[in-house]
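The values are calculated or read from the model by the stated rules, or taken from the named source; none is laboratory data. Quantities reported herein were computed from a predicted structural model and do not represent experimental measurements. A quick note on method: Cβ atoms are made from the backbone with ideal geometry, for glycine too, and the neighbour counts reach across all protein chains shown. Quick note on the areas: whole protein, heavy atoms, side chains included, nothing else; ligands and nucleic acids left out. Shrake-Rupley method; radii C 1.70, N 1.55, O 1.52, S 1.80 Å.
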Amino acid sequence: AQRVTQPEKLLSVFKGAPVELKCNYSYSGSPELFWYVQYSRQRLQLLLRHISRESIKGFTADLNKGETSFHLKKPFAQEEDSAMYYCALSGLSGSRLTFGEGTQLTVNP
Amino acid sequence: NAGVMQNPRHLVRRRGQEARLRCSPMKGHSHVYWYRQLPEEGLKFMVYLQKENIIDESGMPKERFSAEFPKEGPSILRIQQVVRGDSAAYFCASSPSAGDEQYFGPGTRLTVT
């Protein structure tokens with residue numbers, strides 16, 4: 001069974017501080033991991049996926065298969081990063097996404 | 001490209017009525033996915049369709065729920081005899097092929113009174 005856990009429902013940091021949004025997963029095979037973001041009053045959009053190894057808007061995420069984690073990190077948070085962040089997993093079929101419950105990030109001025 | 005369209009954005013139904021939710025995928029996308037988000041929860045997969053075919057419906061409740069994606073027109077998620085527990089946000093996503101990035105619509109918020 002596929003499962004994604006985001007232990008923090010809410011996370012609050014100050015502008016300029018580092019931020020890490022935690023994501024752990026369980027999957028028996030080799031999953032593909034994603035981070036999706038939903039800004040206020042906007043639709044859900046892909047932030048990054050582990051296979052692309054890109055840094056988007058200063059965010060990075062490394063897949064740690066030993067710890068089954070895919071934490072999202074940014075060294076210096078900005079106020080515009082305030083949003084809901086969802087970690088998601090896709091299995092062998094490459095189709096259905098399994099989402100975590102999301103973390104609401106607030107970056108305070 | 002207008003992106004994934006969903007309508008209506010808000011739908012209110014009384015218990016026992018039928019709800020029809022529509023999803024028009026992005027141009028050139030033939031794969032559609034439906035997800036449901038209950039209050040205070042993450043998105044849960046419901047069904048994955050290609051044109052005229054249901055590929056994976058493992059997340060669909062066994063009764064009252066059905067989905068289609070005809071050759072022409074939008075994908076439809078139909079909920080018969082709605083109950084209060086069906087109140088949720090229903091999101092549709094599309095992709096050009098399996099494994100590609102899924103693009104999400106704005107969602108339909110269903111309220112059952």
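Take the residues in the stretch A:59-100 that are of a type in the set (A, V, I, L, M) and open to solvent by 10 Å² or more (accessible area, probe 1.4 Å); name whichever of them is farthest from A:S26 (Cα to Cα).
Ranking the candidates gives A:M84 first.
Would you kindly identify the strands (runs of 3 or more DSSP E) lying entirely within the stretch A:10-49 that contain at least 3 residues that are more than 13 Å from chain B (Cβ to nearest Cβ) and open to solvent by 20 Å² or more (accessible area, probe 1.4 Å)?
Counting at least 3 such residues, we get A:10-14.
Against the condition open to solvent by less than 70 Å² (accessible area, probe 1.4 Å), touching a Ser or Thr at 6+ places or on another chain (Cβ under 9 Å) and closer than 30 Å to A:T5 by Cβ, how does B:V83 come out, does it pass?
no
Take the residues in the stretch B:1-28 that are open to solvent by 40 Å² or more (accessible area, probe 1.4 Å) and assigned to a strand (DSSP E or B), then tell me which one is farthest from the other protein chains (Cβ to nearest Cβ).
This residue is B:R13.
Which of the strands (runs of 3 or more DSSP E) contained wholly in the stretch B:44-101 include at least 1 residues that are small (G, A, S)?
B:65-68, B:75-79, B:88-95
When you scan the stretch B:29-77, how many residues do you find that are farther than 27 Å from A:P7 by Cβ, open to solvent by less than 10 Å² (accessible area, probe 1.4 Å) and aliphatic (A, V, I, L, M)?
Number of matching residues: 4.
With the requirement that a residue be within 14 Å of chain A (Cβ to nearest Cβ) and closer than 20 Å to B:Q6 by Cβ, what does the stretch B:57-68 give you?
Result: B:E57, B:G59, B:M60, B:A67.
What do you reckon, is A:T103 among the hydroxyl-bearing types (S, T, Y) and either in contact with a helix residue (DSSP H, G or I) (Cβ under 8 Å, 6 or more places away or on another chain) or open to solvent by 10 Å² or more (accessible area, probe 1.4 Å) (or both)?
No.
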